[in-house]
Amino acid sequence: MKFKAEVFGIKEAMKDIDRNRLEMAKDFSKALKRAGLLIQREAQKVTPVDTGALRASARTNSKGQGWQTVVSVSFNTSYAVIVHEIHPKKSKFLESTYRRLMPEIRKELIEGLNE
């Protein structure tokens, strides 16, 4: 007994898969950037303030595209690391913000993939 089957539209289906994969990568990149900005915004709210320079120095940067996107949040004064590590009341202001927001960040990334 022989079995013969023909599949029509396979090229179109493959194009759709590639198109969806690229769109998902773009959506992931956008969601990752939004998550970085959320971390920056929330960290600035709890950053120790003397002159305001440390809080004002916050930056969110991204490199790469699609699945290769890397987002970093930083505070950029000469003393940022020292304050972050040893401030008597608000040390780890960036790290603790990231940890606190992880559930929301995960949700943002998942929703970004489902856009």
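Residues in the stretch 81-115 that are of a type in the set (Asp, Glu) and either modelled with pLDDT of 95 or more or in contact with an Asp or Glu (Cβ under 6 Å, 6 or more places away or on another chain) (or both): GLU85, GLU95, GLU115. Quick check: anything in the stretch 25-37 closer than 26 Å to GLU108 by Cβ, among the small types (Gly, Ala, Ser) and in contact with a Leu (Cβ under 8 Å, 6 or more places away or on another chain)? Looking for residues that are closer than 26 Å to GLU108 by Cβ, among the small types (Gly, Ala, Ser) and in contact with a Leu (Cβ under 8 Å, 6 or more places away or on another chain), one finds at least one in the stretch 25-37, hence yes.
Scan the stretch 56-76 residue by residue and report those that are closer than 19 Å to SER96 by Cα and either touching a Cys at 6+ places or on another chain (Cβ under 6 Å) or not small (Gly, Ala, Ser) (or both). Selection gives ARG59, THR60, VAL71, VAL73, PHE75, ASN76.
Residue count for the stretch 55-97, restricted to those that are hydrophobic (A, V, I, L, M, F, W, C) and either part of a loop (DSSP other than H, G, I, E, B) or touching a residue at least 12 places away in the same chain (Cβ under 8 Å) (or both): 9. In the stretch 75-103, of all residues being surrounded by 13 or more Cβ atoms within 10 Å (Cβ to Cβ) and within 19 Å of the chain's Cα centre (by Cα), the one that is farthest from GLU42 (Cα to Cα) corresponds to PHE75. The single condition among (1) at pLDDT below 95; (2) surrounded by 14 or more Cβ atoms within 10 Å (Cβ to Cβ); (3) of a type outside the set (Asp, Glu) that TRP67 does not meet is (2).
The residue pairs whose first member lies in the stretch 19-38 and is within 27 Å of THR97 (Cα to Cα), whose second member is among the charged types (D, E, K, R) and not in a helix (DSSP H, G or I), and whose beta carbons are closer than 6 Å, counting only pairs six or more residues apart or on different chains, are ASP27/GLU115. For the stretch 101-115, a tally of residues being in contact (Cβ under 8 Å) with a residue 12 or more places away in the chain and assigned to a helix (DSSP H, G or I) returns 8.
Checked against (1) within 14 Å of the chain's Cα centre (by Cα); (2) outside any helix (DSSP H, G or I); (3) of a type in the set (A, V, I, L, M, F, W, C), LEU37 passes all but a single condition, namely (2).
The values are calculated or read from the model by the stated rules, or taken from the named source; none is laboratory data. In this text the structure is predicted, and so the values were computed from the model without any measurement. Cβ: placed from backbone, ideal geometry, glycine included. Neighbour counts: every protein chain shown.
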